[in-house]
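For reference, the structure is listed below as structure tokens.
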Amino acid sequence: MDIERLVKMANDIAHFFQSEPDHEEAVKGVLGHIQRFWDPRMRKALSGYVDGGGAGLIPLALEAAKRLPKAGQTV
Amino acid sequence: MISTIRWKDLGTPARVSERLVDLEVDGIPVSVPEGTSVLRAAAEAGISIPKLCATDSLEAFGSCRLCLVEIEGRKGYPASCTTPVAAGMVVHTQTRKLADIRRGVMELYISDHPLDCLTCSANGNCELQDMAGAVGLREVRYGYEGENHLDLTKDTSNPYFTFDPSKCIVCSRCVRACEETQGTFALTIDGRGFESKVSAGMNEAFMDSECVSCGACVQACPTATLMEKSVIDMGQAEHSVVTTCAYCGVGCSFRAEMKGNELVRMVPNKDGHANHGHSCVKGRFAFGYATHKDRITTPMIRDKISDPWKQVSWDEAINHAASEFKRIQAKHGRGAVGGITSSRCTNEETYLVQKLVRAAFGNNNVDTCARVCHSPTGYGLKATLGESAGTQDFDSVEKTDVVLVIGANPTDGHPVFASRMKRRLREGAKLIVVDPRTIDLVRTPHVEASHHLKLRPGTNVAVINALAHTIVTEGLANEAFVAERCEAKEFAKWKAFISEARNSPEELQAETGVPAAEVRAAARLYATGGNAAIYYGLGVTEHSQGSTMVIGIANLAMLTGNIGREGVGVNPLRGQNNVQGACDMGSFPHELPGYRHVSDTATRTLFEQSWGVKLESEPGLRIPNMLDAAIDGSFRGIYIEGEDIAQSDPDTQHVTSALEAMECVVVQDLFLNETAKYAHVFLPGSSFLEKNGTFTNAERRISPVRKVMPSLSGKEDWEITVMLAEALGYAMPYKHPSEIMDEIASLTPTFTGVSYAKLEELGSIQWPCNEQHPVGTPVMHIDEFVRGKGRFLITEYVPTEERTSRKYPLILTTGRILSQYNVGAQTRRTFNSMWHDEDRLEIHPSDAELRGIKEGDWAGVRSRSGETVLRALITERVQPGVVYTTFHFPESGANVITTDNSDWATNCPEYKVTAVQVEPVTQPSEWQKRFRSFSEQQQELLEEARETTQA
Ligand code: SF4
Ligand code: SF4
Ligand code: SF4
Ligand code: FES
């Protein structure tokens, strides 16, 4: 999958949750959204990209993406 | 439902009153609501009083004097249409004296009327003829030699109806219909006495006047003066069938008037719950596409898109498609194929497509074109209120005091509802418009918006925040409602956020371009003006913050308690006829029918038991993800029913590259649309006249679609999906769409009470329809929200990344026009193109002058995605810095320019904001040249296939 697009999508989601005052809820918000709406191949691509540093992801998106279960792990 | 051609006309509109009045008509006792006319009371008692100028869709006018009656204790002969009933009244409708007067009146009319009844198009369906019979007219003593109107010339300028003034009896029904029903005020009666005549505009031809060709006047005319050309050509129909319009989300009910298998005309159904007997130019007149010569009626296949098409049997086409899908899945995995359904399909068809994808393909890669229009509505309303649908019925607007229209253009997009809305506004309701353009509604006859917040495209959320900020900080919120009905913790968080100074109208004014005072005034009106209702359209959803804006709208309604009763609410105006239904039927990749997430084990188990297969618990790909995955190589086959992504989806060049990258594209449609030009299998679909099913309109109203003629291809669309599923090895043993609805009802809690039998009985049903709501639900969230407590969510304004720059200094935004419908595949194949035969670029005079562009010049429009050329239309409707176009013609390439930006939550494309540069040019863009030659080539490949078969 086009990783640039996935990074942009993840950042867009994070922008929405950014103003949630409770940081933990904000991270869960981003993560939950990705899990509920992204096809597994998109999540896998993002998760793999994060392993390589995740450049371009804003901090909240990066934090959430890091929590995506790795391949083989169950949600 | 087959019905007879004539309606019972009760003469004057129904009155609603708690108080009933008892009277006696010709010795028969009648009891009617206070305010009812004597004419209507008599009709309800089964007594027909002769009448000409009165009809029950219009207020009585009392001009023809045919409906006179005698009332005991009253002098003279009052007109029964304008006389209200009174308690104890004793009315006589048939006396010798009355008969004489009526005959005299008729004699006068007939003396100035051509006596060509036998060859007249209204023969057999003419009220003048009927009345001549009813009053027993036997002679006309005045002769026809005197001064008369018999030589007046016909106006045939409108493509759908003629105006023959020689037959006019000046009853003014047409004038009143145009005013009261349509709200356009295009007709007048000029002159007085003998000189008086009906004319369009300032004595213009209909086509040159303000007339929008809704046909209300034609329907109201008691004679052949205003008459459908189709009736003139074909004669009067002999039977009719009630069905539902296949165009916009208003979902008007119609009687298709038929002569055998031929459609003579469409007449809006008086008993239609969405439209109450009104329609627009599309639904009433633009049905010619259904029998257009471009229709493809034989299945076709080919290996490569550069190959000629080969016409084949249904079996061969279906087996070919199925074996291709199986081959791709075997090689590239189960998730390498998917399907797209359309909001133009029936509920039953959409349900089957998603079922095929989930059960036969074994994945969740199914999506619908609602992705590109109202997916944010689904997300935003579910998150806040708990249900992905509008909260009201259309009738609710009659109790509204303040109408807030955001990012919608109802007079063009939802014309019949716009007429209802305009009627309410003429009665005194206030109007607030939030739109970057001066849409027609801002100022129409007898309607003027109190506030027009002419914002910069892309700043919706800033405006809704500023409105909410004003209401909260000025103490105008309905605290009691919020305390009782909403989650306290979430509200407190939201309140703290919205009260921050950065959300004030003053702070945001530089960003939105809307003066703070105007925002404050609008907020006060919305919060304190009585029942306030929000109506919104794609100008809300098609943004990078589309879902945030929908949430903001729901917040605003909850904040002021404007939800949960008549006259208020949150009303998404759905673009296409079945957007609501497509979403309800589970055509999104993450949810099963009834908006239940695929990861929910209980729901999945329910469907697994019914469908007899194991279902995937992970969400599938959405349309834009499918396209990306196609380019990436992990997605290679697609089944597309009734959708034209190559024209309607953003960033056309990206879409067509993705289609080119796929190995098997199966398109099921009426025409070789833009997407079909990239297809390997073409399955000929059926028009809405050729199949049974249901559509669900913007009010959640499920209405029947009925087959009025055989399918040209021999198959209804649902049958094609069934064949494909079976060829894939998954049985779908349905015999009729009613069985599909029964299955939907058995699996979806909001649909449990829905069946074809109930639809037959009630005419239409607004879901939820179940044990708690056996006849449906006009207004939702009455005592509590569907999710329990309403939930406020923080709506931070995040400016779109699509900003203007030196290179792209203007913002392009897009929209629709009344006469054309979306990609135009249907309306472009009708006379509707006489009103709009090309997409134009609206540009403000100052921007045009700066660039040396004059009216009608070719203007090149360039964005970071691509470039196209359109003719310029210079107008102050758009503000400086903003340009606008419609997207009805594929060669315009409006979507070549739109970008891949999308809503954060749903990936709904940001059609409404694209940074562009505009320059004068002398020739089409490179894309347009390529488009033209590719289209010509594809057309030739189609012609070759047709010729081979004929030879
Ligand atoms: S067609 Fe509609 S808009 Fe035109 S004159 Fe008749 S009522 Fe008015
Ligand atoms: S055109 Fe028809 S409706 Fe209008 S005034 Fe003449 S007869 Fe009546
Ligand atoms: S308003 Fe919409 S549903 Fe009604 S006739 Fe027009 S296009 Fe059809
Ligand atoms: S019908 Fe009453 S005056 Fe014409």
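Every Cα-Cα pair of the stretch B:237-334 was included, and the share exceeding 16 Å stands at 69 percent.
Dipole magnitude for the protein assembly as shown: computed about the Cα centre from +1 point charges on Lys and Arg Cβ and -1 point charges on Asp and Glu Cβ, it is near 660 debye. Along the stretch B:319-334 the Karplus relation, 6.51 cos²θ - 1.76 cosθ + 1.60 evaluated at θ = phi - 60°, assigns HN-Hα couplings of 5, 4, 4, 4, 5, 5, 4, 5, 4, 4, 5, 4, 8, 10, x, 4 Hz to successive residues, with x for each Gly and Pro. Distances between placed amide hydrogens fall under 5 Å for B:M89 paired with B:E24, all partners being 5 or more residues away or on another chain. Apply 1/(1 + (r/R0)^6) to the Cβ-Cβ distance of B:E943 and B:E139, taking R0 = 51 Å, and write down the FRET efficiency to the nearest 0.05. Plugging the Cβ-Cβ distance into 1/(1 + (r/R0)^6) gives 0.20. Note on B:193-200: average number of Cβ atoms from other chains within 10 Å of each residue's Cβ is 0.
Within the shell defined by Cβ-Cβ distances under 15 Å, the residues around B:P778 carry a net charge of -2, with Lys and Arg each +1 and Asp and Glu each -1.
Exceedance of the 27 Å cut-off in Cα-Cα distance is limited, within the set B:K259/B:K677; B:K304/B:K326; B:K75/B:K270, to B:K259/B:K677; B:K75/B:K270.
Cα extents for the stretch B:269-408 along the principal axes, largest to smallest and rounded to whole angstrom: 60, 42, 27. Positive-end ranking of B:A290, B:F394, B:G530 along the dipole of the protein assembly as shown, with charges on Cβ about the Cα centre, is headed by B:G530.
Derived scalar couplings between HN and Hα for the stretch B:760-771 equal 4, 6, 8, x, 7, 9, 8, 6, x, 10, 7, 4 Hz in order, rounded to whole Hz, by the Karplus curve 6.51 cos²θ - 1.76 cosθ + 1.60 (θ = phi - 60°), x for Gly and Pro.
Computed 3J(HN,Hα) for the stretch B:259-275, one whole-Hz value per residue from the Karplus formula 6.51 cos²θ - 1.76 cosθ + 1.60 where θ = phi - 60°, is 10, x, 9, 9, 7, 8, 7, 9, 10, x, 7, 4, 8, x, 6, 8, 10, glycine and proline marked x. Cβ-Cβ distance of B:V90 and B:R6, R₀ of 35 Å, FRET efficiency by 1/(1 + (r/R0)^6): the value works out to about 0.70.
Amide H contacts of B:L453 (H built 1.01 Å from N, in plane; Pro and chain starts excluded): B:V433, B:V434, B:D435 sit under 5 Å, all sequence-distant by 5 or more or on other chains. Going Cα to Cα from B:K489, which lysines come in below 21 Å? Please leave out same-chain ones fewer than 8 positions away. Partners within reach: A:K28, B:K382, B:K789.
Which whole-number percentage describes the relative contact order of chain B, with Cα contacts under 8 Å and a sequence gap of 6 or more?
On the way: 2176 pairs, mean separation 121.6, N = 951.
Computed over chain B, the figure is 13 percent.
Using 0.36 nm per residue and subtracting the Cα-Cα separation, the extra length available between B:E427 and B:E448 on full extension is 6.4 nm. Of the trypsin sites (Lys or Arg not before Pro) found in the stretch B:763-807, the ones in coil according to DSSP and having at most 11 other Cβ atoms within 10 Å of their Cβ are B:R803, B:R806, B:K807. For the stretch B:414-530, the ratio of Cα radius of gyration to the globular rule of thumb 2.2 N^0.38 Å stands at 1.17. How about the stretch B:135-212: which GluC sites (Glu not before Pro) there lie in a loop by DSSP and see at most 13 other Cβ atoms within 10 Å? Qualifying residues, ordered by number: B:E139, B:E145, B:E147. When the trypsin sites (Lys or Arg not before Pro) in the stretch B:681-782 are filtered for DSSP coil states and for at most 10 other beta-carbon atoms within 10 Å of their beta-carbon, the remaining sites are B:K735. Helix B:717-727 sits at what angle to the longest principal axis of chain B, using alpha carbons and giving 0 to 90 degrees rounded to 10? Once rounded, one gets 30 degrees. For chain B, the fraction of C-alpha pairs more than 43 angstrom apart is 36%.
So, counting K/R as plus one and D/E as minus one, what does the shell of residues with Cβ under 13 Å around B:T656 add up to? That sum, taken over residues with Cβ under 13 Å, equals -3. The alpha carbons of the protein assembly as shown give a radius of gyration and a Dmax of 29.7, 100 Å, in that order.
From helices alone, the protein assembly as shown scores -9500 deg cm²/dmol at 222 nm; the rule is -39500 (n - 2.57) for each run of n ≥ 4 DSSP H residues, then divide by the residue total.
Between amide H atoms placed 1.01 Å from N, distances below 5 Å from B:R265 occur with B:E257, all of them 5 or more places distant or on a separate chain.
Across the stretch B:799-951, the relative contact order, built from alpha-carbon pairs under 8 Å that are at least six residues apart, equals 31 percent. The translational diffusion coefficient of the stretch B:829-910, from Stokes-Einstein at 25 °C and 0.890 mPa s with a Kirkwood hydrodynamic radius over alpha carbon pairs, comes to 176 µm²/s.
For the stretch B:373-500, what is the charge dipole size about the Cα centre, in debye to the nearest 20, if Lys and Arg each add +1 at the Cβ and Asp and Glu each add -1 at the Cβ? Can you show the working numbers first?
Details: 16 positive and 16 negative charges, 65 e Å.
Using Cβ point charges on Lys, Arg, Asp and Glu, the stretch B:373-500 gives about 320 debye.
Taken together, the values in this text are just the output of simple stated rules run on the coordinates, not laboratory data. Owing to the predicted nature of the structure, the values given are computational and were not obtained by experimental measurement. Glycine gets a Cβ as well: all are built from the backbone with ideal geometry, and neighbour counts include every protein chain shown.
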